[in-house]
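Here is the structure we will look at, set down as structure tokens.
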Amino acid sequence: MSEVSEPAAGQPEWSDPAALRQALAEAVERASGAAELARLITDYQRRLEEVARSEAEALTKTREAEARLKTAERQNAQLAKQLAEQKYQTEVANWKLASLQDSRWSKLGDAIHSKKPGTVARTLKAPVRKRPAPKRSDFKPQIPTVPEVKAAPAAPEPKAPQVSAPLAESFTVPKGPTARPYMTVAAIVDRQTEALLRYEWRLVTNFGPDNWEAMLDQQQPHVLFVESVRPGPRQGNGGRWLEALAGETRAVRDLVAACRKRGIKTVFWHSGGAVSRAFPAAEHFEYVLATTEARAREWRSALRHERVGVLPLAIQPRVHNPIPAEGGRTGEIVTLGTVTPPAGGADWQPLAGQGDDPTSYDDVLTAYRRPALLIAGADAEPRVIGEVAACGTPVLQVRAGAKGEEVLAAAEILMADAGRLAREAHLAWRARGSVTPLLDPILDTLGVPSVRNSGVITAITAVSEPAELDRLLAQITRQIERPGQIVIVADGLDAGLVDKTVRQSCPDLDVVVRATG
């Protein structure tokens, strides 16, 4: 029997071929992973540098434009001064001439020349009235050449996107109480949905793949709410989650896993786009929401589970309401989607703030309130149509393939009847659904306690004769959405009789009757 020699000190044992193959496979896997990581880092840095160069070029052009603007402003100011001085000197010359013509000695010469003693006497006695001399301060300035100020070029600064800026205060998006002030929701949503949900709970959006762990520790949210955010001018959270939502990084997966360990409910809302595009991110969430039941069935089939619900597109009454914008309506007709214009006809403009328009969402809310009429094509986004209608702007929806002349005729009929236009706008606003009650069943499904103000309306009125009480009851009983409570001041009527009459006519109301003292 032969002896197996011991390996030399410091030499690895490779006598087992299986162990050798495993070690080689692990080494190859580590090298492959390191190479892929290096590639991703290099590619990310390259894209950051491209973005930084683009930002620097845009900033340089902005500075150059600002410098040209300042130069033009200085030229205008100096030209205005020169023109004002010329006008002043002209007016002084005219004043001197008029003063000379109106002087007593000038008139006396004319009277003497007439050879009439009476005329001379009257000229000597007549008072001389001269208009006041012009003042330099009553005139304004004009433009010589001013040397142009060169703008300093901006240097590229490659860096990751920063936190999403808060909503602007121009509309103004109102501040005020939330429906569920005790609840904190961490959200990855676009600016449109941020405005939709910001009054429903404490909404936390200023976090990204680099600091979500600190956010979870500091804010301790009850729910993680993520939307199928798409690239564009109103992407949320500073655009830092776009790659992760597309499945290019593990950031969303790691965030969802950390939330699951902490007992934080996770919800993915597919608000738009293809299911296949949102699937890589949505499959990691505990619950998925779609905008329609048909889309929900697609998700159940794709995910192979039943934890799928529906959150329809809705409005936020605190933001989408008929309160007019400053300056009122412009009277223009705007379009949304594909609308065929009439041949050589009306000058219709697209609705501002759509597509790649970088207009802030607050400015979009103002744009919703400006036009007299919105013409929506068959492919117009339903979410935008609902928001525009909720802002009190009449909407004319046209079928696919409608001719421009037909659309123009329908628009002219609406625009010619101001009463019908206002009535249809009011009914469209009333028909919009608020997002607040739609969230209650979702929170119940998640197992998150949801208690909020019921929003019961109290109607307060006074009646002084039986006929007024009859008219009041007739008005209330034909309301589709009745108030939950009615407070009546009985002025000169028996309070007990009023109470009994109202309760008989409206048994579902909380009735409070008070008599005048």
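The values are calculated or read from the model by the stated rules, or taken from the named source; none is laboratory data. Just so we're clear, the structure is a prediction, and the values are computed from it rather than from any experiment. Neighbour counts run over all protein chains shown; Cβ positions are idealised from the backbone, glycine included.
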Taking residue 492, is it free of Cβ contacts under 8 Å to residues at least 40 places away in the same chain, part of a helix (DSSP H, G or I) and more than 30 Å from residue 197 (Cα to Cα)?
no
Of the conditions (1) over 30 Å from residue 239 (Cβ atoms); (2) modelled with pLDDT under 75, residue 38 satisfies every one except a single condition; which number is it?
(1)
Within segment 401-430, the count of residues that are over 25 Å from the mean Cα position of the chain (by Cα), in contact (Cβ under 8 Å) with a residue 60 or more places away in the chain and in a helix (DSSP H, G or I) comes to 6
On the given criteria, is residue 224 assigned to a helix (DSSP H, G or I) and either buried (at least 21 other Cβ atoms within 10 Å of the Cβ) or not assigned by TED's automatic domain parsing to the domain that holds residue 387 (or both)?
no
Residue count, segment 248-282 (criterion: surrounded by fewer than 18 Cβ atoms within 10 Å (Cβ to Cβ), at pLDDT 95 or above and farther than 22 Å from residue 219 by Cα):
0
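Just name the residue that is modelled with the lowest pLDDT out of those in segment 338-366 that are of a type in the set (A, V, I, L, M) and surrounded by fewer than 20 Cβ atoms within 10 Å (Cβ to Cβ). Even if it seems obvious, please write down each step before you answer.
Taking segment 338-366 first, the residues of a type in the set (A, V, I, L, M) are 339, 343, 346, 351-352, 364-365.
Add one more test, that the residue is surrounded by fewer than 20 Cβ atoms within 10 Å (Cβ to Cβ), and what stays is 343, 346, 352.
Working: 343: 74, 346: 66, 352: 79.
Ranking the qualifying residues of segment 338-366, first place goes to 346.
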Among the residues of segment 469-483, the number that are surrounded by 14 or more Cβ atoms within 10 Å (Cβ to Cβ) and either under 14 Å from residue 499 (Cα atoms) or out of contact with any strand residue (DSSP E or B) (no Cβ under 6 Å at 6 or more places or on another chain) (or both) is 5
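I'm trying to understand the selection: among the residues of segment 265-287, which are of a type in the set (D, E, K, R) and under 19 Å from residue 236 (Cβ atoms)? Break it down into steps so the answer makes sense when it comes.
Our first condition is that a residue be of a type in the set (D, E, K, R); within segment 265-287, this holds for 265, 277, 283, 286.
Hit for segment 265-287 is 277, nothing else.
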Given (1) touching a residue at least 60 places away in the same chain (Cβ under 8 Å); (2) aliphatic (A, V, I, L, M); (3) out of contact with any helix residue (DSSP H, G or I) (no Cβ under 9 Å at 6 or more places or on another chain), where does residue 214 come up short, assuming only one miss?
(1)
Given the conditions (1) loosely packed, with under 14 Cβ neighbours inside 10 Å; (2) assigned to a loop (DSSP other than H, G, I, E, B), every one holds for residue 452 apart from (1)
Pairs, please: C-beta under 6 Å, at least 6 apart or cross-chain, first residue outside the structural domain of residue 243 (by TED's automatic domain parsing) and without any contact (Cβ under 8 Å) to a residue 60 or more places away in the chain and in segment 43-65, second assigned to a helix (DSSP H, G or I) and not small (Gly, Ala, Ser)?
none
Any idea which of 450, 505 is of a type in the set (Gly, Ala, Ser), within 30 Å of residue 308 (Cβ to Cβ) and within 46 Å of the chain's Cα centre (by Cα)?
450
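Is one or more of the residues making up segment 188-201 more than 18 Å from the chain's Cα centre (by Cα) and at pLDDT 90 or above? Steps first, please.
Here is the first cut: in segment 188-201, the ones more than 18 Å from the chain's Cα centre (by Cα) are 201.
Next cut, at pLDDT 90 or above only: 201.
Within segment 188-201 (the criterion being more than 18 Å from the chain's Cα centre (by Cα) and at pLDDT 90 or above), the answer is yes, since at least one residue qualifies.
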Scanning segment 423-442 residue by residue, those of a type outside the set (D, E, K, R) and under 16 Å from residue 333 (Cβ atoms) turn out to be 425
